[in-house]
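What follows is a single structure, written as structure tokens, with notes after it.
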Amino acid sequence: MEVNETAPIYDIQKRYTYTDYMTWGEDVRCELIDGVVYDMSPAPGWIHQGISGKLVAQLSNFLEGKSCMVFQGPFDVRLNIDEGDNTVVQPDVVVICDRSIMAKTGCNGAPDMVVEVLSPSNASKDFILKRSKYMHAGVRELWIIDPESRIVQVYVREDGKYSTIDYLNAGKIPVSILDGCEIDMARIFADIDAFDAGDSDEKGIS
């Protein structure tokens, strides 16, 4: 009998922990949320990657010589290490100022800032499920970027509560946790629009 080498090594009907997750290897692209496996293949499309990459570039320039660091996914974030350790997510962009949560494989606890760029395949999970997990974990600032509508939703935690600002076709957006930092979203979207991806069927957001 032939073995299906492409079959997943996990059972979507089961619940797992970070310990299980670490046995699957780097080639398995998935997230765990409350023990449930969410497959992350195929890889995001060029628009998604372009936005996150240019965002990382701006943050990296601002953070040069400063104590905080920015990372681009895939980057493992264990959000509930003290509450079951069954939630491991891979945000598109992460800013960490508290070096004590850093680990060789990612970070153990809530980053200071998280950015998620929506794609049609992940919009519901990122906008509803993961947003709730980030807030429960105490992420200080969360950005959710929708490339189609050009809306950037910014959630900022103060005194245990979140305030929300929606930016539509915005120019520069301040980063609350980084004094003096502004992200030029108009420039990012303009660069994406200017990129000639051709007229193939694969040009759209994915």
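Just a few scattered comments:
- Residue 182 being surrounded by fewer than 20 Cβ atoms within 10 Å (Cβ to Cβ), at pLDDT 95 or above and out of contact with any Ser or Thr (no Cβ under 9 Å at 6 or more places or on another chain): yes
- Of the residues making up segment 157-173, those that are of a type outside the set (S, T, N, Q) and under 23 Å from residue 136 (Cα atoms) number 8.
- Any hit, segment 164-177, residues being surrounded by 18 or more Cβ atoms within 10 Å (Cβ to Cβ) and among the charged types (D, E, K, R): no
- Tally, over segment 10-26, of residues that are among the charged types (D, E, K, R) and in contact (Cβ under 8 Å) with a residue 40 or more places away in the chain: 1
- Spans of strands (runs of 3 or more DSSP E) in segment 7-80 with at least 2 residues within 18 Å of the chain's Cα centre (by Cα), modelled with pLDDT of 90 or more and closer than 30 Å to residue 192 by Cα: 30-33, 69-72, 76-78
- Every condition in (1) modelled with pLDDT under 95; (2) over 18 Å from residue 57 (Cα atoms); (3) hydrophobic (A, V, I, L, M, F, W, C) is met by residue 139 except one, and the failing one is (1).
- Within segment 139-163, the set of residues being in contact (Cβ under 8 Å) with a residue 12 or more places away in the chain and among the polar types (S, T, N, Q) comprises 149, 153.
The values are calculated or read from the model by the stated rules, or taken from the named source; none is laboratory data. These numbers were taken from a predicted model, which means no experiment stands behind them. For neighbour counting, all protein chains shown are included, and Cβ atoms are generated from backbone atoms with ideal geometry for every residue, glycine included.
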